[in-house]
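**Student:** One structure is given below, represented as structure tokens, and several questions about it will come after.
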Amino acid sequence: MKHINIPVFIPHLGCPNQCIFCNQRHISGTVKFEESSVRKTIDDILSTVGSDVSCEIAFFGGSFTGIDRDLMLRLLDLAQGYVNKGLVCGIRMSTRPDYISEEIIEILKRYSISYVELGIQSMNDDVLRYLKRGHTSSDTVRAARLLKKNGFNFVGQMMIGLPTATKEDELYCAKEICRLGAGACRIYPTLVFSQTELEELTLNGEYKPLSLDEAVERCAAVLKVFNENGVDCIRIGLCDSENLHSDDTYVAGPNSPSVGEMVKSRMIYDDLCEAIEIQSGLTAELTGKVLHIECPKGLLSQVIGHKRSNICKLKNKFGFKSIMTIENPTLENKTIKFEIKEENSCV
């Protein structure tokens, strides 16, 4: 069954400070939160979905468990009403790790919470301090353990290319999210938005955003960590609808509606390179040979790569005369097979 979130944006409500990269009002397109419009927002979206679609009401954009308590309870009661009527299957929310407590846990237990999304971003305390996050990695550990102990699933949200962060920091963050028991993750390359401190740092030359190629490479590295640990990645990059093409919003950074597909394609390329080198040996002469690749149905575009990037890079790296790709419906999951041949042949 297809799944969608019904997003209810509460921009910056509940956040105790302003992180240097954040301008949720611009990103969500919501400047002022109108509680009276929430029911209409939910009803309008529900009216467009079929019976074959599973829906969750998702409170995004701010730190939901840190907003005014009465408002939080009213919104949860409203959402629970839709669950009780069978119109949606659950409720999810995004929040900060330091806004998860025993008291909050006891409140959430009254409702049909499917996921709590934690804005972790980094597990390096120096990076968090530079970002002015206002919480530490130990807050993340405590929040994750509280959620798991009380039977809640959580999503670990992390960012790539943050100021002062290294590739090693990002890999460590991904491994920690897995170790803490996340049921899923989101990976966000850092973008620079207007009216943020990060915009000033960028314009002053103190911060250099990643190029799209750099972001794809680094996202692929952490995605591999999540895949190896069985943690599903439900999103790479912000939604294309989140005002990312407005000159008044987006300033700089690896902004592409195709970034998710590009990352998955890059991970396939990295895995193929590693497997080819292991099978053939680093010193084997592959120039002039043919590479034949088989993949499951639906994966061919990722194998070929954005604008045939994987085909071009494999040819350049190994000297293959040609590369043949074909879908094999008998292959399971994301299994990819390859064969190196002496002569050009097509199956």
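The values are calculated or read from the model by the stated rules, or taken from the named source; none is laboratory data. These numbers come from a predicted model, not from an experiment. For neighbour counting, all protein chains shown are included, and Cβ atoms are generated from backbone atoms with ideal geometry for every residue, glycine included.
**Student:** Tell me whether the stretch 114-137 contains one or more residues that are more than 26 Å from Asn23 (Cα to Cα) and at pLDDT 95 or above.
**Tutor:** Yes: the stretch 114-137 contains one or more residues that are more than 26 Å from Asn23 (Cα to Cα) and at pLDDT 95 or above.
**Student:** Right, something else. Sort through Asn229, Asn255, Asn204 and tell me the only one that's touching a residue at least 12 places away in the same chain (Cβ under 8 Å) and surrounded by fewer than 18 Cβ atoms within 10 Å (Cβ to Cβ).
**Tutor:** Just a single option satisfies the conditions, and that option is Asn229.
**Student:** Among the residues of the stretch 90-124, which ones are assigned to a loop (DSSP other than H, G, I, E, B), touching a Phe, Trp or Tyr at 6+ places or on another chain (Cβ under 8 Å) and either among the small types (Gly, Ala, Ser) or crowded, with 23+ Cβ neighbours inside 10 Å (or both)?
**Tutor:** If the condition is that a residue be assigned to a loop (DSSP other than H, G, I, E, B), touching a Phe, Trp or Tyr at 6+ places or on another chain (Cβ under 8 Å) and either among the small types (Gly, Ala, Ser) or crowded, with 23+ Cβ neighbours inside 10 Å (or both), then Met123 is the only one that fits.
**Student:** Is it the case, given these coordinates, that Thr136 is surrounded by fewer than 20 Cβ atoms within 10 Å (Cβ to Cβ), hydroxyl-bearing (Ser, Thr, Tyr) and touching a helix residue (DSSP H, G or I) at 6+ places or on another chain (Cβ under 7 Å)?
**Tutor:** Spelling it out, Thr136 is indeed surrounded by fewer than 20 Cβ atoms within 10 Å (Cβ to Cβ), hydroxyl-bearing (Ser, Thr, Tyr) and touching a helix residue (DSSP H, G or I) at 6+ places or on another chain (Cβ under 7 Å).
**Student:** Another question about this same structure. Under 8 Å between Cβ atoms, at least 6 apart or on separate chains: pull out the pairs that start in the stretch 168-183 with a residue that is without any contact (Cβ under 8 Å) to a residue 12 or more places away in the chain and end on any residue that is not polar (S, T, N, Q).
**Tutor:** Between residues of the stretch 168-183 that are without any contact (Cβ under 8 Å) to a residue 12 or more places away in the chain and residues that are not polar (S, T, N, Q), there is no close pair.
**Student:** Also, I was wondering about something else. Of everything in the stretch 307-330, what is over 18 Å from Lys264 (Cα atoms), in contact (Cβ under 8 Å) with a residue 12 or more places away in the chain and either of a type in the set (Lys, Arg) or surrounded by 15 or more Cβ atoms within 10 Å (Cβ to Cβ) (or both)? Give them in sequence order.
**Tutor:** Correct list: Lys317, Phe318, Phe320, Lys321, Ser322, Ile323, Met324, Asn328.
**Student:** Mind listing whichever residues of the stretch 268-285 are without any contact (Cβ under 8 Å) to a residue 60 or more places away in the chain and buried (at least 19 other Cβ atoms within 10 Å of the Cβ)?
**Tutor:** Tyr269
**Student:** I'd like to verify a number: residues in the stretch 133-171 that are more than 16 Å from the chain's Cα centre (by Cα) and outside any loop (DSSP other than H, G, I, E, B), how many?
**Tutor:** Residues that pass the stated criteria total 16.
**Student:** For the stretch 292-331, which residues satisfy the criterion of being in a helix (DSSP H, G or I) and either touching a His at 6+ places or on another chain (Cβ under 9 Å) or of a type in the set (S, T, N, Q) (or both)?
**Tutor:** Once the filter is applied, which keeps residues that are in a helix (DSSP H, G or I) and either touching a His at 6+ places or on another chain (Cβ under 9 Å) or of a type in the set (S, T, N, Q) (or both), the stretch 292-331 yields Ser301, Gln302, Ser309, Asn310, Asn316.
**Student:** Quick one: which of Tyr207, Tyr130 is aromatic (Phe, Trp, Tyr), farther than 21 Å from Ser94 by Cα and part of a helix (DSSP H, G or I)?
**Tutor:** Result: Tyr130 is the single residue among Tyr207, Tyr130 that is aromatic (Phe, Trp, Tyr), farther than 21 Å from Ser94 by Cα and part of a helix (DSSP H, G or I).
**Student:** Do we find a residue being small (Gly, Ala, Ser), in the same structural domain as Asp43 (by TED's automatic domain parsing), closer than 18 Å to Ile177 by Cβ and surrounded by 18 or more Cβ atoms within 10 Å (Cβ to Cβ) anywhere in the stretch 61-82?
**Tutor:** No - not one qualifying residue is present in the stretch 61-82.
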